[in-house]
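Reviewing the structure listed below.
What follows is calculated from the coordinates using simple rules that are stated; it is not laboratory data. Note that the structure is predicted; figures quoted are calculated from it, not measured. Glycine gets a Cβ as well: all are built from the backbone with ideal geometry, and neighbour counts include every protein chain shown.
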Amino acid sequence: MSPAADEDRLRDLAALRKVRDRIDRDYAQPLDVEALAAGVHMSAGHLSRQFKLVYGEPPYSYLMTRRIERAMALLRRGDVSVTEACFAVGFQSLGTFSTRFSELVGVSPSRYRADPGLGPGVPSWIEKQATRPIRNREAPTEPPA
């Protein structure tokens, strides 16, 4: 690659990291791909393609995964309702939240809240790994027997 191409690639990677960091930080805010792309001076299509190439999923899917991860943490605490968790993480519709949660986690939010499947005293780093949402609709729809 030429030095100019290397420089362009590094600039794109820095912009993609900026978008990912913004999603991680502002997940509860209304975000859309067009606004994220405008923030780094890219077209929405280019941002989506490059983000998926680098991070393995488009920016919107990454945002939904982050929101569900945060909702899972709130629901594990047990002191917020499913509706409160839904709106706290940036969803505008309880139905959309429940559908997306079930797709990624494999159980409904209310069922997850009732039994997140972790016992007391589990270290936070194990809890984070064990409860990470599964992407690409790979979650089982029925709990293992």
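Values as computed for the structure displayed
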{"item": "Compactness relative to 2.2 N^0.38 Å, alpha carbon Rg of the stretch 3-60", "result": "1.08"}
{"item": "Ranked list, fewest to most other Cβ atoms within 10 Å of each Cβ, for 64, 42", "result": "42, 64"}
{"item": "FRET efficiency estimate (nearest 0.05) - Cβ-Cβ, residue 92 to residue 13, R0 35 angstrom", "result": "0.65"}
{"item": "Order by protection proxy (mean Cβ within 10 Å, highest first), peptides 88-101, 66-79, 3-16", "result": "66-79, 88-101, 3-16"}
{"item": "Karplus 3J(HN,Hα) series, Hz, for the stretch 91-98 with 6.51 cos²θ - 1.76 cosθ + 1.60 (x for Gly, Pro)", "result": "6, 9, 9, 5, x, 5, 4, 5"}
{"item": "Relative packing of 24-31, 109-116, which averages over residues the other C-beta atoms within 10 Å, highest first", "result": "109-116, 24-31"}
{"item": "Estimated vicinal HN-Hα couplings, Hz - the stretch 29-37 in sequence order (Karplus 6.51, -1.76, 1.60; Gly, Pro = x)", "result": "8, x, 10, 9, 4, 4, 5, 4, 5"}
